[in-house]
Amino acid sequence: MNPQIAMLVIGRLGVALVTLLIVSAVVFAATEMLPGDIVEILLGQAATPEAVAGLREAMHLDEPSVLRYWRWIIGLLSGDLGTSYANDLPIAEMIGDRLTNTLRLAAVTGGVAVPLALTLGITTAMFRGSTYDRVVTTCVVSVISVPEFMIATLAVLVFAVWLNWLPALSFSSGTPGWGEMLRIFAMPVITLCCVITAQMIRMTRAAVIETLRMPYIEMALLKGASRWRIVMRHALPNAIGPIVNAVALSLSYLLGGVIIVETIFNYPGVAKLMVDAVATRDLPLIQSCAMVFCIGYLVLITLADILAIVSNPRLRK
Amino acid sequence: MAMSFSSLRLLGYRINVVAILASLFILFWAAMALFGTSFAPHSPGKVVDFDYYGPISAEFPLGTDYLGRDILSRILMGASYTVGISLAAVCLACASGVALGMAAAVTGGWIDVVLSRFLDALSSIPSKLFGLVMVAAIGSSTPVLILVLAVIYTPGSYRFARALAVNINTMDFVAVARARGEGTFYLITQEILPNIAGPVLADMGLRFVFIVLLLSGLSFLGLGVQPPYADWGSLVKENIGALAFGAPAVIAPCIAIASLTISVNLLIDNLPTKIRDRSA
């Protein structure tokens with residue numbers, strides 16, 4: 001790796017850190033805007049002024065918000081996420097198991113969606129303008145244009161209600177076998193795949209088409225190379241950067257999808273936890289979940305950028 | 001280059017038909033958002049059927065919902081919420097985003113750097129998550145929803161407008177105007193804006209679709225438009241129980257959302273390249 005690439009990558013990581021700091025400030029500030037006093041909400045109407053003041057002090061609410069923000073950040077860095085308002089459990093514990101579930105869902109989805117999307121994206125770019133391309137592109141535009149919950153609803157309607165193949169809810173109790181596991185995962189994964197694949201196909205197709213416009217492709221065409229050879233030998237190696245970038249970016253769409261999908265299928269993941277926390281206005285829990293998601297999102301975006309930098313042939317020595 | 005040209009011309013006729021159909025759909029929903037409630041066969045809040053999740057019939061063209069209310073009337077009421085809130089939010093987001101973007105491009109310097117960095121950071125919070133946090137913090141009412149949606153989509157609009165404006169800013173006519181001693185406001189409104197208006201409007205259409213999707217998503221989670229009012233997302237949420245029966249109550253609002261968003265997307269995809277993408 002040459003020093004120029006190293007500098008760019010380090011710069012990008014620095015930007016990601018600064019961004020994370022701003023994001024944490026925004027998340028903290030948003031939860032500061034809550035109207036009314038959280039202590040009075042917690043203690044109810046019958047609370048005495050002494051009790052309110054006592055709890056305020058115990059929760060450090062009497063300190064200026066900058067100081068509390070500082071405390072919160074230090075806590076996050078040392079792995080102390082605070083305790084939930086709603087059930088007084090340590091948040092790190094609540095998130096721990098849920099995070100594994102969400103990551104498992106994401107991994108399975110990624111494993112299915114990425115190969116599928118790459119195949120479709122590259123072939124549609126190769127046969128641009130054909131009926132096959134038009135059918136796929138139309139499907140992609142339709143999927144992108146509808147809300148995620150609609151795809152989930154359709155999936156339930158088709159697979160659970162009409163065909164009766166799969167259960168409409170997913171809950172893993174105990175240690176299910178492989179078959180059971182497959183049935184539980186199927187519906188959320190199908191839904192998420194639709195969302196992710198559509199984005200990925202669109203970006204991959206655009207990246208390959210962009211490469212196919214280059215003069216050296218025209219040269220290969222004039223030379224008499226076959227379509228396969230042009231794409232595999234000349235276009236793909238040059239399009240890998242943009243394609244990998246597209247994959248990482250589309251995976252970040254998982255986050256939006258996962259919030260809806262976990263809610264609909266009652267999947268015990270972090271997103272479901274967060275939606276429930278919003279319903280009970282459990283602020284520390286919301287803050288922590290939000291940070292978990294933002295970190296995941298930032299990691300993917302930063303990864304996309306870094307891969308784009310590293311794979312840029314102009315920077316290669 | 002030659003290849004894409006011929007394929008465009010070959011498809012010229014087809015493309016226009018799609019665009020016209022899409023515009024008809026959009027006009028239809030715009031009209032329904034404005035005057036829909038006066039066409040409604042029943043009062044949207046009134047229980048009119050003894051049965052719930054009723055099928056399609058002459059009296060209830062799209063069936064009835066979980067309380068026996070007329071779905072068609074409720075969808076017509078939902079149109080004004082979905083379209084109205086989204087339109088207000090997209091106007092707010094694009095107006096502020098484009099104004100800031102042009103200002104940043106014209107003034108440059110530290111204002112540009114600070115603004116860009118901050119808005120980039122804001123856009124790296126996933127939109128649905130940001131919506132959840134904001135709604136959790138300040139509650140859910142129509143003005144709050146409009147504001148939150150506008151804040152979420154301002155950074156994207158800013159980035160887009162800034163990229164376009166930076167290109168225009170290097171043109172000779174801007175340099176001439178500057179040499180004449182024109183102020184920033186004049187440069188932005190008279191020199192830059194007319195030259196980026198086309199792509200900005202197309203971008204606004206795309207952003208409108210994103211906002212409709214996000215609003216429906218929030219409403220579906222129960223955090224958007226609150227009862228007794230309902231937008232299309234809330235209609236799907238209310239009637240999700242109809243899924244097991246395959247009743248029209250849950251399918252009809254889905255189709256309403258899809259017809260609006262797909263039409264806008266198709267219309268923008270089929271706009272002449274000249275309007276859609278000035279930078280190309």
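The values are calculated or read from the model by the stated rules, or taken from the named source; none is laboratory data. Note that the structure is predicted; figures quoted are calculated from it, not measured. Please note: Cβ atoms are built from the backbone with ideal geometry, for glycine as well, and neighbour counts cover all protein chains shown. Keep in mind that these areas ignore ligands, DNA and RNA; they rest on the heavy atoms of the full protein, side chains included. Shrake-Rupley method; radii C 1.70, N 1.55, O 1.52, S 1.80 Å.
Leaving ligands, DNA and RNA out of it, rank A:223, A:272, B:237 by accessible area with a 1.4 Å probe, largest first.
A:223, B:237, A:272
Assuming a ≥ b ≥ c are the square roots of the Cα gyration tensor eigenvalues, decide whether the protein assembly as shown counts as rounded (a/c under 1.5), prolate (otherwise, with a/b larger than b/c) or oblate. Rounded shape, in that the Cα axes give a/c under 1.5.
Relative to the longest principal axis of the Cα atoms of chain A, helix A:254-264 runs at roughly 60 degrees. Pick out, from B:104, A:207, A:79, the residue whose Cα sits farthest towards the positive end of the charge dipole of the protein assembly as shown, with +1 on the Cβ of Lys and Arg and -1 on the Cβ of Asp and Glu. Checking the options against the dipole of the protein assembly as shown, the answer is A:207.
Ranked from highest to lowest mean number of other Cβ atoms within 10 Å per residue, what is the order of the peptides A:273-285, B:74-86?
B:74-86, A:273-285
Shape analysis of the range B:78-186 yields a ratio of the Cα radius of gyration to the Kirkwood radius, Rg/Rh, of 1.09.
Name the shape class, rounded, prolate or oblate, that the alpha-carbon gyration tensor gives for chain A, where a ≥ b ≥ c are the square roots of its eigenvalues, rounded holds for a/c under 1.5, and otherwise prolate holds if a/b is larger than b/c and oblate otherwise. Oblate is the answer for chain A, as a/c is 1.5 or above yet b/c matches or exceeds a/b. With all protein chains in place and ligands, DNA and RNA left out, the 1.4 Å accessible area ranks B:124, A:130 as A:130, B:124, largest first. Counting only whole DSSP H helices of chain B, the ones at least 18 Å long by C-alpha along their axis and with mean Kyte-Doolittle hydropathy no lower than 1.0 are B:2-39, B:71-107, B:142-169, B:193-220, B:248-269. For the options A:107, A:198, A:125, a Gaussian network treatment of chain A with springs between C-alpha atoms closer than 10 Å singles out A:107 as fluctuating the most.
Solvent-accessible area of residue B:73, all protein chains in place: 0 Å² (probe radius 1.4 Å, heavy atoms, ligands and nucleic acids excluded). Note on the range A:224-317: the alpha carbon radius of gyration divided by the globular reference 2.2 N^0.38 Å gives 1.58. Shielding of peptide B:213-225 by partners, expressed as the average count of other chain Cβ atoms within 10 Å per residue Cβ, is 4.
Once the Cα atoms are used to define both axes, helix A:283-310 deviates from the longest principal axis of chain A by about 20 degrees. The aspartates and glutamates within cross-link reach of residue B:237, meaning a Cα-to-Cα straight distance under 15 Å and a gap of 8 or more places when in the same chain, are A:148, A:262, B:65.
The convex hull defined by the C-alpha atoms of chain B has an orientation-averaged projected area of 18.3 nm².
Per-residue shielding of A:16-29, expressed as the average number of other chain Cβ atoms within 10 Å of the residue Cβ, stands at 3.
Report the net charge of residues surrounding residue A:223, where surrounding means a beta-carbon distance below 14 angstrom and charges are Lys +1, Arg +1, Asp -1, Glu -1.
Local charge sum for residue A:223: +2.
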